[in-house]
1. From (1) in the same structural domain as LEU205 (by TED's automatic domain parsing); (2) hydrophobic (A, V, I, L, M, F, W, C); (3) in contact (Cβ under 8 Å) with a residue 60 or more places away in the chain, pick out the condition that doesn't hold for ILE280.
2. Looking at segment 214-239, which of its residues are hydrophobic (A, V, I, L, M, F, W, C) and under 16 Å from LEU182 (Cα atoms)?
3. Can you pull out the residues in segment 274-313 that are farther than 18 Å from SER195 by Cβ and among the charged types (D, E, K, R)?
4. How about segment 136-170: which of its residues are among the aliphatic types (A, V, I, L, M) and touching a strand residue (DSSP E or B) at 6+ places or on another chain (Cβ under 8 Å)?
5. Among the residues of segment 110-129, are any surrounded by fewer than 18 Cβ atoms within 10 Å (Cβ to Cβ), modelled with pLDDT under 95 and assigned by TED's automatic domain parsing to the domain that holds VAL63?
6. Any idea which of (1) surrounded by 15 or more Cβ atoms within 10 Å (Cβ to Cβ); (2) under 30 Å from VAL64 (Cβ atoms) is the one LEU233 doesn't satisfy?
7. Does GLU236 satisfy the criteria of being part of a helix (DSSP H, G or I) and either assigned by TED's automatic domain parsing to the domain that holds ASP298 or under 24 Å from THR316 (Cα atoms) (or both)?
8. In segment 43-66, what count of residues is obtained for those that are over 26 Å from ARG30 (Cβ atoms) and in contact (Cβ under 8 Å) with a residue 12 or more places away in the chain?
Amino acid sequence: MVLTWKREEAGRFPFEPVVELPRPATRALRRLVVRQMLRRPVQVYRGEVRRIAKAIRDAGGRVVHIYFGHIAVQLLPLLRKPPVPVIVSFHGADALVDMDKPAFRAATLEVFERARLVLVRSRSLGAGLEALGCPPEKIRIHRTGIPLAAFPFRERQVPGDGAWRFFQACRLIEKKGLPVTLRAFAVFAQHYPASQLVIAGEGPLLGPLEALVEELGLRGKVRFCGFLDQGALRSEFEAAHAFVHPSEIGADGNQEGVPNAMLEAMATGLPVLATRHGGIPEAVDDGVSGYLVGEGDDAALAVAMLRLAQDRERYTALARAASEAVAERFEQSRQVAVLEACYKEAAEG
């Protein structure tokens with residue numbers, strides 16, 4: 001059973017039962033007062049806790065799985081007297097943001113204390129939570145599961161005319177390193193004038209990024225295509241020669257787990273040009289399935305792009321290894337089995 005405050009995309013996810021919980025009419029005001037003025041995390045009312053607990057009992061639930069650490073913080077009043085054992089998943093951005101605020105840090109530590117298990121998308125994220133205060137014996141690695149049939153491998157040919165096509169798909173936000181991508185590509189394009197860069201996604205940095213494209217003289221070589229549905233995304237994967245994702249830690253501490261779009265791209269046979277950041281090195285083996293550089297280092301990323309383009313045999317080997325790495329470490333049915341084992345452990349522990 002799924003409990004949610006808001007349901008979307010019901011046609012794509014026709015799983016029942018889904019129970020939508022009503023939001024209190026004072027939610028917006030409470031958020032303003034508690035989070036912005038008092039600088040404390042917003043948490044559910046006692047009435048909401050009673051409704052959630054009743055729904056769990058009525059369904060005969062044995063385990064509650066809360067997705068995202070910040071949602072678990074909101075649900076702390078439920079965790080203090082849970083009707084059944086609770087598992088909490090942390091994905092990246094929900095793990096270390098706002099930890100400089102005492103009330104948010106204390107609430108997250110209490111989530112660690114009261115959860116039966118804490119699931120993380122990568123070893124690096126697990127290490128970060130352990131450093132924050134999560135008991136290591138509670139941490140389990142549950143990686144993103146990629147449905148390989150939806151992203152089949154496709155052999156790509158090195159473009160004989162130098163028309164290399166790089167692709168990045170992400171939210172247009174600070175931690176995705178998009179200015180680094182543009183500056184590195186500007187250097188690459190000087191050597192391969194027919195090359196292109198396609199960036200998919202929406203976000204607050206679109207305007208500044210478009211201005212940077214003009215500043216770098218890349219008009220006509222860079223295309224922003226906005227949000228893409230799964231079919232359009234697969235088409236862009238097939239048209240590309242490499243996937244770019246130079247993530248970096250944001251000013252607020254926001255960082256990646258293992259980006260889903262990167263794994264999907266790798267499954268199709270796209271080598272990755274990325275950074276040693278978060279869980280990325282757990283998916284991309286430097287020099288085997290792609291190239292990794294330091295955060296914020298556009299010069300090194302440009303060198304990696306040129307290195308990729310200058311060795312035809314190496315490119316083919318990187319592409320094959322990228323697909324094999326996803327199949328070995330992130331195949332969906334294996335990760336479903338991991339999650340089922342965590343549920344069983346929590347229920348029987």
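The values are calculated or read from the model by the stated rules, or taken from the named source; none is laboratory data. If you're wondering where the values come from, they're calculated on a predicted model, not measured in any experiment. All Cβ positions, glycine included, derive from the backbone under ideal geometry; neighbour counts span all protein chains shown.
1. If we test ILE280 against (1) in the same structural domain as LEU205 (by TED's automatic domain parsing); (2) hydrophobic (A, V, I, L, M, F, W, C); (3) in contact (Cβ under 8 Å) with a residue 60 or more places away in the chain, just (3) comes out false.
2. Step one: list which residues in segment 214-239 are hydrophobic (A, V, I, L, M, F, W, C), which gives 216, 218, 222, 224-225, 227-228, 232-233, 237, 239.
Within segment 214-239, LEU216, LEU218, VAL222, PHE224, CYS225 qualify.
3. Selection gives ARG276, GLU282, ASP285, ASP286, GLU295, ASP297, GLU313.
4. From segment 136-170, those among the aliphatic types (A, V, I, L, M) are 139, 141, 146, 148-150, 158, 163, 169; that's our starting set.
The answer is ILE139, ILE141, ILE146, LEU148, ALA163, ALA169.
5. Checked segment 110-129: at least one residue is surrounded by fewer than 18 Cβ atoms within 10 Å (Cβ to Cβ), modelled with pLDDT under 95 and assigned by TED's automatic domain parsing to the domain that holds VAL63.
6. (2)
7. Values: part of a helix (DSSP H, G or I): yes; either assigned by TED's automatic domain parsing to the domain that holds ASP298 or under 24 Å from THR316 (Cα atoms) (or both): yes.
So GLU236 passes the test.
8. Narrowing segment 43-66 to residues over 26 Å from ARG30 (Cβ atoms): 57-63.
Okay, now just the ones that are also in contact (Cβ under 8 Å) with a residue 12 or more places away in the chain, so 57, 59, 61-63.
Selection size over segment 43-66: 5.
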